[in-house]
Amino acid sequence: MSEISLRPALITKVLPDSIAAEIGFEVGDRLVAINGTKPRDLIDYKFLCADEVLELEVLDAKGKTHQVEIEKDYDEDLGLEFETALFDGLIQCNNRCPFCFIDQQPPGKRESLYLKDDDYRLSFLYGSYLTLTNLTQKDWNRIEQMRLSPLYVSVHATEPEIRTRLLKNQRAGQILEQIKWFQKRRLQIHAQVVVCPGINDGIHLESTLRDLTKFHKGEVPAVASIAVVPVGLTRFRPEEDELIPVTPEKAKEVISQVQKLQGELGKKKGKNCVWLADEWFLIAGEELPPESHYEDYPQIDNGVGSIRLFLRKFEEAAQSLPAKVEPERKFTWVVGNAVEKAFQPILERLNKVEGLSVEMAAFPSEYWGQKITVTGLLTGEDLLLNLQGKDLGDGILLPSLMLKHGDTRFLDDRTVEEVADKLGVKIFPVNGIEGLIEGCVRQMR
């Protein structure tokens, strides 16, 4: 591990009116230790801060060390935010999955795009998926002792030879034993199965789903939910990867196969635990299931029910839309062509506002070489290819999920400013439903 990754936790924000603000913490200070223990990550930090009496060792921006004593309520937060959730560095992936998005990118982009995250701590904190193949005994002990549950696990296949073939890692075949480990300790996982046609589909998908659903029982099911996701491929992937894109015919086959199993499980267990990602229906050109199908959205971050939820939230938020806006304005709303049909009701409702005109620009990503593309994968280059020379009105409404978090860069490293300049129009990044509506009706400048 590098020297930099072992440095004390860098504070990037001090929340106003918090304990930390009252004491005099400043951005640029570094937290060294809490009650004599150096926190490895945000999990340690939160656990150590649960005490009512804290002795903090802090290194200020000038390099001077301070000892700070704090008395507080048990559940009271200090009000600090850090540069990263991992103070001792990222645990990277040791697999060579052919469908890994990191390996399907062109070289020469920003360094962070090539980091292969397989860190159980990020899985616990933020719901990112891991494979369990790189955990040390110390890691397993910590998961058990600190009850780090649920974790989000990329299973893909439960047959040892199939999972080993997919992950290119001999340790991958231990997955069922690992799930039994979670079951024995009453800890949970949410499972993900990325379907690669010709490898883990058909009878292998059937076997995987049946194996996993056996762990969905009891008060605390070891497998809380399972998402079935189509493999996503780009034109930059290695030639020898043996992967085949998901066709509309294959999507219909998987939908039929999984829905049959859902019906069977529903009769046995009374509720569903296997979910199809929205992309299957978009690729197949089929209608999405009704919102009631998704229960409490256990796999929303995997794109399971996200479109239905988005539409419902828009209907609720649209109640606040004005009947009229002044002055008149026209916007271009950019989305991936995967959601073009599904988002028509949103477009129609926005255009009912007098003085407001919104046109949807829905297209696939030529940058990635895809025929069907979700919004988050569109790049600056895609915008330039599809929008240059067109009347874009008063500006582009750009879903912020296309951009690096907290930054203005697309996945191809082009910036919003650069693209706006080349298109000769303003670009307004909008965050979610509220941002979209606000972008449409806010006072024109």
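Filter segment 12-69 down to the residues that are touching a helix residue (DSSP H, G or I) at 6+ places or on another chain (Cβ under 7 Å) and of a type outside the set (A, V, I, L, M) and list them by number.
N35, T37, P39, D41
Any chance you could count how many residues in segment 317-366 are small (G, A, S) and surrounded by fewer than 15 Cβ atoms within 10 Å (Cβ to Cβ)?
3
Of all residues in segment 72-94, count the ones that are within 30 Å of N200 (Cβ to Cβ) and in contact with a Lys or Arg (Cβ under 6 Å, 6 or more places away or on another chain).
Within segment 72-94, residues that are within 30 Å of N200 (Cβ to Cβ) and in contact with a Lys or Arg (Cβ under 6 Å, 6 or more places away or on another chain) number 2.
Which residues, taken from segment 294-316, are more than 20 Å from I346 (Cβ to Cβ) and open to solvent by 30 Å² or more (accessible area, probe 1.4 Å)?
Within segment 294-316, E295, D296, P298, D301 meet the criteria.
Only one of these is under 30 Å from M146 (Cα atoms), in a helix (DSSP H, G or I) and open to solvent by less than 20 Å² (accessible area, probe 1.4 Å): L212, L187. Name it.
Answer to the selection: L212.
For segment 146-166, give me each residue that is touching a strand residue (DSSP E or B) at 6+ places or on another chain (Cβ under 7 Å) and either open to solvent by less than 20 Å² (accessible area, probe 1.4 Å) or of a type in the set (V, I, T) (or both).
Result: L151, V153, S154, V155, H156.
Considering only segment 220-235, I want to know if a residue exists there that is free of Cβ contacts under 8 Å to residues at least 24 places away in the same chain and not β-branched (V, I, T).
no
When you scan segment 58-96, how many residues do you find that are under 20 Å from P16 (Cα atoms), acidic (D, E) and open to solvent by less than 60 Å² (accessible area, probe 1.4 Å)?
1
Being in contact with an Asp or Glu (Cβ under 8 Å, 6 or more places away or on another chain) and over 24 Å from S207 (Cα atoms) is true for just one of L288, L261. Which residue is that?
Among L288, L261, only L288 is in contact with an Asp or Glu (Cβ under 8 Å, 6 or more places away or on another chain) and over 24 Å from S207 (Cα atoms).
Can you confirm whether L377 is touching a strand residue (DSSP E or B) at 6+ places or on another chain (Cβ under 8 Å), in contact (Cβ under 8 Å) with a residue 24 or more places away in the chain and of a type in the set (A, V, I, L, M, F, W, C)?
Yes; evaluated as a whole, the condition is true for this residue.
Restricted to segment 367-384, and to residues that are open to solvent by less than 10 Å² (accessible area, probe 1.4 Å) and part of a helix (DSSP H, G or I), which residue is nearest to R329 (Cα to Cα)?
Only one residue fits best here, namely L383.
Could you list all residues from segment 18-47 that are without any contact (Cβ under 8 Å) to a residue 24 or more places away in the chain and on the phi > 0 side of the Ramachandran plot?
G24, N35, G36
Looking for whichever is in contact with a Phe, Trp or Tyr (Cβ under 8 Å, 6 or more places away or on another chain) and among the hydrophobic types (A, V, I, L, M, F, W, C) here; the options are V223, V193. Which one fits?
It is V223.
Any idea which residue in segment 385-437 is farthest from the chain's Cα centre (by Cα), counting only those that are hydroxyl-bearing (S, T, Y) and not in a helix (DSSP H, G or I)?
Of everything passing the filter in segment 385-437, T415 is farthest from the chain's Cα centre (by Cα).
The values are calculated or read from the model by the stated rules, or taken from the named source; none is laboratory data. Just so you know, these numbers come straight off a predicted model, no measurement behind them. With ideal geometry, Cβ positions are generated from the backbone for all residues, glycine too; neighbour counts draw on all protein chains shown. Ligands, DNA and RNA are stripped out before the accessible areas are found, and what is left, the full protein with its side chains, is counted by its heavy atoms. Shrake-Rupley method; radii C 1.70, N 1.55, O 1.52, S 1.80 Å.
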